[in-house]
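Here's the structure we're looking at; comments come further down.
The values are calculated or read from the model by the stated rules, or taken from the named source; none is laboratory data. All figures in this text were calculated on a predicted structure; none of them were measured in a lab. Every residue, glycine as well, gets a Cβ built from its backbone with ideal geometry; the counts of neighbours run over all protein chains shown.
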Amino acid sequence: MSLEKWVEYGWLRREPTSPGEIKDLLGIVERSLADSKVEAVSTDLRFIAAFNAALCVATTALRASGLRTVTQAGHHVKTIESLELTIKANPKGHSKIQDLQQ
């Protein structure tokens, strides 16, 4: 499948971006990752911060591609799944590093 098909299916829409928007999104990623390391808060809140960072990374990759998810049920899932198409992430989460470690 391709991002173009996702647009056809109505899961994504085209929307221009800017370097400033990408910079702001990456700032959110950095802040969320920092928040996820704060041991003074609960594990649940640390997980939420880490998840927010991951979601924002996926959003950044979509925005850098000139696309945005359409607000609908499951749009966060589609945002994460889009990493397979935007940055060619392995959908199974398996990396070449894991191959080397075995």
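Here is how the numbers come out for the structure above:
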read-out	value
Qualifying position, being surrounded by 13 or more Cβ atoms within 10 Å (Cβ to Cβ), of a type outside the set (A, V, I, L, M) and out of contact with any Ser or Thr (no Cβ under 8 Å at 6 or more places or on another chain), among T59, T17	T17
Count of residues meeting criterion [of a type in the set (S, T, N, Q), out of contact with any Ser or Thr (no Cβ under 6 Å at 6 or more places or on another chain) and surrounded by 15 or more Cβ atoms within 10 Å (Cβ to Cβ)] in segment 62-82	1
Selection status of K96, in contact with a Phe, Trp or Tyr (Cβ under 8 Å, 6 or more places away or on another chain), at pLDDT below 95 and of a type in the set (D, E, K, R)	no
Selection within segment 69-84 - in a helix (DSSP H, G or I), under 15 Å from R13 (Cβ atoms) and in contact with a helix residue (DSSP H, G or I) (Cβ under 7 Å, 6 or more places away or on another chain)	T79
Helices (runs of 4 or more DSSP H) within segment 1-68 that include 2 or more residues of a type in the set (S, T, Y)	19-36, 43-64
S32 touching a helix residue (DSSP H, G or I) at 6+ places or on another chain (Cβ under 8 Å) and touching a residue at least 24 places away in the same chain (Cβ under 8 Å)	yes
